[in-house]
Structure formats: structure tokens, C-alpha cells
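Trainee: Structure in C-alpha cells, see below.
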């Protein structure tokens, strides 16, 4: 009878601890990346002829099924569709999580908003490091090197101006140029071209000669010219103006269309200093960066970890797990091997199923009631034994 009393007590203690687990699951049902847990019991046995000495909690097991994915609109929120864990780095240790609530700190490092750990990136060689865009937040300027001229420079006119040509010098500064064409008085197929810097008091930067053949197409060796474009620090950048291939009607020509010319210029390259305008995570975990000049660049890629046996992972706190030697970890890029793909602007919610938790609560409640009833019956039997010893 005494053992029955303690067996019932052990049942009450175990069921109450199981209720702690269920309550923790329910309280974290909206925690991103949270993995629900189950409490496991083990029987306490005595000798071979002993009915048993009760029960106790043997440990917790975590559920690693995927939770629902919800869109947030936040560019640094990411979710994994399929298998895998985000890899986080903190104080020399590696942690793994399904919660993708990330943000860039002031140093350009992608970090976990909850734990403060750095998010890991993987390069093309499989090396792991911090997800760092500090050198990608500003795009360096590019000087203009080419301007294409197209259209017709009427041989029936004496002058023509092409204005509004904006090029970039070595510092990324905009320089507005105007081309002034003047037909030679001695050779109707030859023109002089003056390049005027409208950004510096209309200073003439250079004067060159171009020439067309009898068919009106550019002549070889005289179909292009260059000019040195200055910057505010005293440097220059060489810009080449091209009329097209010799003998070709595909770009520039010089035929008689009266006083009307259609020749115009198109800048082929160059850009000012550009700052980062927006970011977006691709399905393979790589970051696409868009700058204020419209250019895009691909940045680092998220490092995902896959475990052959997820059940041996240890909870390190919150939604973070630690790997063990038996976990069989492989780290790679999203979408490769058995790793899932990345959904940007989304987070994965917990995998807690309320209907399952409510069912567990009912079982726990009934088990606790039955265990407490066992204590009551044992107490009544003991009371009856004591009464018998009094001769009643």
C-alpha cells in the first residue's frame, strides 16, 4: 500500500511536468521557428517480483515538422520551404534555427533579431562566414568611355548641334556636353566637331575632324574621335564618340536632307556613385541588391544546414539548436541536395498544433486525476488498517 501511494505521487509529478511542456508549446504557438516538444515517460522498476516503483520523465523530444509560412513584407525576413536550418554564428559557436527574423546591423552584418547571432553565408567554394554586405552598400562610380552617334548629318546644312549628352567622369560627377558640327568650306564631306563642356562655362574641350564617303557612310579612320572629360580633382577620363562602322548605313550617315539633321548621341556606359535602394532574397538564398542607378548585383548566399538525424539536436534556448556528433550535418546552399528553397519576405511560424495540445491536456488531466485518486484509495486502505489495529 505504501508503494501504491508513492506510485500515484510519481504519476502526479510526471503529469504535472508534462503539462508544463504542453503549456510551453501553446504559449509559443505564434513564435517564429518554434519547435513543439513532447514529454517522454519511463517506468521505474524494482526487482523481478516487484510490480514497479512508479514513473518519471525520461526527457523531451522535439517535433521537426515544418510550420506554416506567412508573408511579412519585410525584405530581411526569410523562411525555408523544405528541409534545412539557418546557420547562426555567435561567440565561436554555431547554432541552427528555422526562425528567419533577420536584420542588418550598422556594420552591414545580417543578424538574428532575437539572439543577436550573425547569420552565416556560404561562398562558391563551400566556405562559411558572416553574411556581410558592408562593401556592397555603396556602388563605386564608373566613368563613361563610349558614346554612339546615330542618325543623319545633312550634307545640305552647314552646322548641327547635338546637346544634352550627359557623361560621367572618374569621380562619378555628371558632365553635360554639346557637340557642334561645322561643315568644311573646302570639302563637303568633311566636318569639324567641337566638344563643349556645358558644366564648365561652355568651355571647348576639343575639336576633331570626321569625314564621310561619297555614299554618305563613315570613312575608315575618320569615323570616331575622343575627348578628355575633366573632374573636380584635376583628373580626366577619355570618352570615345563613334559614328559607326566604315561603309555601313546602320548608325550614322551624311546625305542631303536640306537643313534638317537627325544626328543624336547615346551614352553607352558610366554611372555616378550609387547607394543601395532595395534588397531581395532569391530562392537559392542569394541576396539581390538594387542600387539607385538601376543596376543590380548578387550578394552573399545563406548557408543552410541539413541533419540526417534531427532528433539528436539539443535545444540551446528559444528557437536555437546545437548539433551533436551524431547529427550527421551537411551545410550547403538552398535548393541543392536535400535542402529546401528560400521564400523571401516571409517567416515560418511554430509547428504547434492546438488540437494535438488540447488532446494531450485531456490525457494529462485524466492521468493526474487517476493518480490523485490512487493516493486517496491508498490513504483509505491505510486508515482502515489503523482502525483495525485499534480493535474496532
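Trainee: Which is crowded, with 21+ Cβ neighbours inside 10 Å, outside the structural domain of residue 378 (by TED's automatic domain parsing) and in contact with a helix residue (DSSP H, G or I) (Cβ under 9 Å, 6 or more places away or on another chain), of 85, 102, 15?
Mentor: The match here is 85.
Trainee: Right, another one. If you go through segment 183-219 one residue at a time, how many are farther than 20 Å from residue 151 by Cβ and either within 51 Å of the chain's Cα centre (by Cα) or outside the structural domain of residue 237 (by TED's automatic domain parsing) (or both)?
Mentor: Matching residues across segment 183-219 total 11.
Trainee: Here's another thing I want to ask about it. So how many residues does segment 334-354 have that are in a loop (DSSP other than H, G, I, E, B) and touching a residue at least 60 places away in the same chain (Cβ under 8 Å)?
Mentor: Of the residues in segment 334-354, the ones in a loop (DSSP other than H, G, I, E, B) are 334-338, 340, 345, 349-353.
If we keep only those that are touching a residue at least 60 places away in the same chain (Cβ under 8 Å) too, we end up with 334, 338, 340, 345, 349-353.
Number satisfying all stated conditions: 9.
Trainee: Something else about it: So is residue 287 exposed (fewer than 14 other Cβ atoms within 10 Å of the Cβ), in contact (Cβ under 8 Å) with a residue 60 or more places away in the chain and not assigned by TED's automatic domain parsing to the domain that holds residue 32 or not?
Mentor: Spelling it out, it is not the case that residue 287 is exposed (fewer than 14 other Cβ atoms within 10 Å of the Cβ), in contact (Cβ under 8 Å) with a residue 60 or more places away in the chain and not assigned by TED's automatic domain parsing to the domain that holds residue 32.
Trainee: Related question: Can you name the residue in segment 308-333 that is touching a residue at least 60 places away in the same chain (Cβ under 8 Å) and not in a strand (DSSP E or B) and is also surrounded by the most Cβ atoms within 10 Å (Cβ to Cβ) among such residues?
Mentor: Going through the qualifying residues, I end up with 319.
Trainee: Suppose we filter 256, 269, 231 for residues that are at pLDDT below 95 and under 19 Å from residue 178 (Cβ atoms); which single one remains?
Mentor: When all the criteria are applied, what remains is 231.
Trainee: Counting residues that are within 27 Å of residue 38 (Cβ to Cβ), which strands (runs of 3 or more DSSP E) fully inside segment 57-142 reach at least 2? Can you show your working first?
Mentor: Numbers: elements: 69-71, 78-81, 85-90, 93-97, 102-104, 110-112, 118-122, 128-130.
In segment 57-142, 69-71, 78-81, 85-90, 93-97 are the strands (runs of 3 or more DSSP E) which contain 2 or more residues that are within 27 Å of residue 38 (Cβ to Cβ).
Trainee: Consider segment 18-40. How many of its residues are surrounded by fewer than 18 Cβ atoms within 10 Å (Cβ to Cβ) and touching a helix residue (DSSP H, G or I) at 6+ places or on another chain (Cβ under 8 Å)?
Mentor: Number of matching residues: 4.
Trainee: Those residues that are touching a residue at least 24 places away in the same chain (Cβ under 8 Å) and within 39 Å of the chain's Cα centre (by Cα), I need them from segment 165-182; list them, please.
Mentor: 165, 166, 167, 168, 169, 170, 171, 172, 173, 174, 175
Trainee: Looking at segment 220-242 only, could you name the residues that are crowded, with 19+ Cβ neighbours inside 10 Å and under 38 Å from the mean Cα position of the chain (by Cα)?
Mentor: Correct list: 237, 239.
Trainee: Only one residue in 309, 256, 245 is in the same structural domain as residue 88 (by TED's automatic domain parsing) and over 24 Å from the mean Cα position of the chain (by Cα). Which one?
Mentor: 309
Trainee: Scan segment 183-198 for residues that are crowded, with 16+ Cβ neighbours inside 10 Å and either touching a residue at least 40 places away in the same chain (Cβ under 8 Å) or within 30 Å of residue 142 (Cα to Cα) (or both) and jot them down. Working first, answer last.
Mentor: Of the residues in segment 183-198, the ones crowded, with 16+ Cβ neighbours inside 10 Å are 183, 189-191, 193-197.
Those that are crowded, with 16+ Cβ neighbours inside 10 Å and either touching a residue at least 40 places away in the same chain (Cβ under 8 Å) or within 30 Å of residue 142 (Cα to Cα) (or both): 189, 191, 193, 194, 195, 196, 197.
The values are calculated or read from the model by the stated rules, or taken from the named source; none is laboratory data. Please read all numbers here as calculations on a predicted model, not as lab measurements. Note that we place each Cβ from the backbone using ideal geometry, even for glycine, and neighbour counts take in every protein chain shown.
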